[in-house]
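Notes for the one structure printed next.
Read-outs: derived from the displayed coordinates by stated rules, not from any lab. Because the structure is predicted, anything quoted here is derived from the model rather than measured. Don't worry about glycine lacking a Cβ; one is built from the backbone with ideal geometry, like all the others, and counts go over all protein chains shown.
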Amino acid sequence: MRLALWVTADVLLVVGAGFRCRFRPAGADRRRTRRCRSPRRVWDSVPVMAARTAPLVLLSRDARPQAVPVAPIREPRPALRLVVGVVVALVAVLVGLAAPAAADPPSDGSGSTDLRSQLEQAQRAWLDAKTALDASVARQQQLNDTLATVQAQLAVESVAVGKVAREQYMAAGFTAVRGIVASGSATDLLDAMSLSDAVVTRQTNLIEALLDTQRQAKAAQDGIAQEVATQNELLAEMDTRKQQAQQALWAAGGGQPTAGFSAAGSAVVADYGPDRNTNGGWVSESTSVYEPATGGYITPRLANARDQAIKAGFTNYVACYRSTEDGGEHPRGRACDFAVSDSCHYCGTAVDTEKDYGTNLAAFFVFNADRLGVLYVIWFRQIWLPSSGWSSYFGCCDPSSMHTNHVHLSVY
C-alpha cells in the first residue's frame, strides 16, 4: 500500500488504499469541502493540490523521494480580491481611529523662513536694547538723586565757607600772632594759640568738604551725561530693529498699522516668567519641559505662558513643538498655537464666540508681554510686535496660514 501526504497552509491530504480524504481547519469554507472521494479520482487532484504549495515530495514505504510536478498558481477570483481589499481598508481605518491624536501645530504656510528669521532676530535684539535702555534710565535716575543730594549739601557748605571768608575779610590786619601777643599772661597766651589752631582746622575742614562735594557733583553730572549717550545709542538700535521687522513684514505683503485688538482678557495679570537676569532681561533657555500634545519639548518660559493662559480661562486645545524647520520658534520650543474652537483643533475661520475667544487671548498676551517674555503675537491676519504694536500680517491661503483659527504666540 502506498501512502502519500501533501501539507499546505490550510489543507491536509491523505491518500491510502481505496480512499482519499481532505481535512480543513476550523473556519474554512465548508461549501468547498468533500470528505472522501472514490479511489478512481485519487490522482486527478494531484496537480490541483500541488498548485497550493511549493514543490512536494511523494513518500512511499521504501522512503524513496519522487518529485511531483508543480502546476501554475491560480489567480484568486475577482470577487475574493474585492472582499480582501475591503477588509484590509476597514482594518486600516479602525487602526487609524484607535491611534492617539498627537497633532502638531498647523503649518504657517504663508510666512517664509526669511520672514520668521527676521522677526525673531529683530524682536530679540529690540527687547535686549529695551532692557538695557530701562537699566540705563534707572541708573540715570539714581545719579539724578545723588546729584540733588550733593547739590543741597554743596549749598550748605558753600554758606559755611563764605562765612569764613567774610570773617577773614573783617579781621584784615589783625593776625593771629598779634592777638596772641596782646593776650598778656602766659596762660592766656596758650589759650589763644589753641583757639587759633581750632579756627584754622575748622576752616580747612569746611573748605575740604566743599571741594569733595563739588567733585561728587561733577561725577554725578558726568555719569548722567554718559547714560544719556548710552540711551541715545540704544534708542537708535531699537529703531533699527523696528525697521528691520517692518521691512520683513512689508516684503511679505503686510506691515500696515492696524487698530489691533482690545478685549476684557487684557485685564488678567499673569505671573512673571522664569529666568530673568539682574537687569530684568531674559536669558536663553533650553527645551526641558515635555509637551504631551506633540511629544516634543519646550522651554520653561513658553510652558509658563501656556499655563498662565490656561489659568486665565483659555482652555481650548494648544500645541507648541513642531519638528519641521521653518525658521521660526516652533522647532526651538518657543512658540505655541492656541486653537479657538472647542470642537476641533485647527479648522475653518473663527466667528462669533470663537473669534471673541481668540481676541481675548491675543489681548491677554499683549497685556502681559513684559511678564511673559512675548516676542510676538499673531491673530486674525494681524501681528503684534513689541517694537511697533499691531500691524497687518499676510497669510495665504487657508485659515491656518491667515491665523484665523488659532492664536500664535512666540516668546523670547
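The table for this structure:
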read-out: Cα gyration tensor, region 283-327 - rounded (a/c under 1.5), prolate or oblate; value: oblate
read-out: ³J(HN,Hα), Karplus 6.51/-1.76/1.60, whole Hz, each residue of region 373-382, x for Gly, Pro; value: x, 6, 8, 6, 10, 10, 7, 6, 6, 9
read-out: Charge context of Ser388, other residues only, Cβ under 11 angstrom, K/R +1, D/E -1; value: +1
read-out: Cα gyration tensor shape of region 314-388, rounded if a/c is under 1.5, else prolate or oblate by comparing a/b with b/c; value: oblate
read-out: Cα gyration tensor shape for region 254-411, rounded if a/c is under 1.5, else prolate or oblate; value: rounded
read-out: Long-range HN-HN contacts of Ser341 with modeled amide H, under 5 Å; value: none
read-out: Order of Ser343, Ser136 - criterion: other Cβ atoms within 10 Å of each residue's Cβ, fewest first; value: Ser343, Ser136
read-out: Anchor Lys311: lysines whose Cα lies under 30 Å away (excluding residues fewer than 8 positions away in-chain); value: Lys130, Lys355
read-out: Ranking of Tyr290, Tyr297, Tyr317, Tyr393 by count of other Cβ atoms within 10 Å, fewest first; value: Tyr290, Tyr297, Tyr317, Tyr393
read-out: Exposure proxy order (Cβ contacts within 10 Å, fewest to most) of His330, His408, His345; value: His345, His408, His330
read-out: Region 288-372: GluC sites (Glu not before Pro) falling in loop per DSSP and having at most 11 other Cβ within 10 Å; value: Glu325
